[in-house]
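A short write-up of the structure that comes next.
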Amino acid sequence: MQNNILRQITDIQVQANRLIKEKVDLEQISQFALYTDEMKSFLLQTIKDDFIQNHIAEIPNLNLDENTRPTGILILLSFIMGGAGNSYYHDKQKIDHAKKIIREIRNKYASIEFMLKNYFNS
């Protein structure tokens with residue numbers, strides 16, 4: 001089971017890198033959010049070390065429904081371009097915001113991976 005946990009944590013980091021570097025859509029980000037939330041819940045139930053649990057609890061949730069309001073030039077462009085432009089810029093802003101959170105998630109899982117290697121070896 002230890003190897004499976006570590007493999008899944010590595011997989012999350014690889015997926016996060018791909019999402020950060022490539023052009024992605026909201027559906028791919030949503031699937032990643034579901035995967036990381038499930039892994040976070042599993043780790044909180046499985047790992048009994050309080051120190052590691054505190055770090056697991058700090059993994060941010062990737063909520064795409066959070067209000068990301070367009071600002072400045074995006075408001076002007078969405079007004080000029082109408083519905084299609086508004087939708088594109090709104091989605092782009094959500095993706096950009098999500099990528100910032102994905103970076104945080106990746107970094108947290110990298111730290112937790114290191115802690116779990118020590119935890120499993122003791």
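Structure values in brief
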{"item": "Residues that are touching a residue at least 40 places away in the same chain (Cβ under 8 Å) and either assigned to a helix (DSSP H, G or I) or among the hydroxyl-bearing types (Ser, Thr, Tyr) (or both), drawn from region 15-32", "result": "Ala16, Asn17, Leu19, Ile20, Leu26, Ile29, Phe32"}
{"item": "Number of the exception - Tyr88 against (1) within 21 Å of Leu26 (Cα to Cα); (2) in a helix (DSSP H, G or I); (3) modelled with pLDDT of 75 or more; (4) not polar (S, T, N, Q)", "result": "(3)"}
{"item": "Within region 85-109, considering residues that are touching a helix residue (DSSP H, G or I) at 6+ places or on another chain (Cβ under 6 Å) and of a type in the set (A, V, I, L, M, F, W, C), the one nearest to Ile9 (Cα to Cα)", "result": "Ile105"}
{"item": "Test: residue in region 60-75 that is aliphatic (A, V, I, L, M), within 30 Å of Tyr119 (Cβ to Cβ), crowded, with 16+ Cβ neighbours inside 10 Å and modelled with pLDDT of 95 or more", "result": "no"}
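The values are calculated or read from the model by the stated rules, or taken from the named source; none is laboratory data. Since this is a predicted model, take the numbers as computed values, not measurements. Cβ sites come from the backbone with ideal geometry, for glycine too, and all protein chains shown count toward neighbours.
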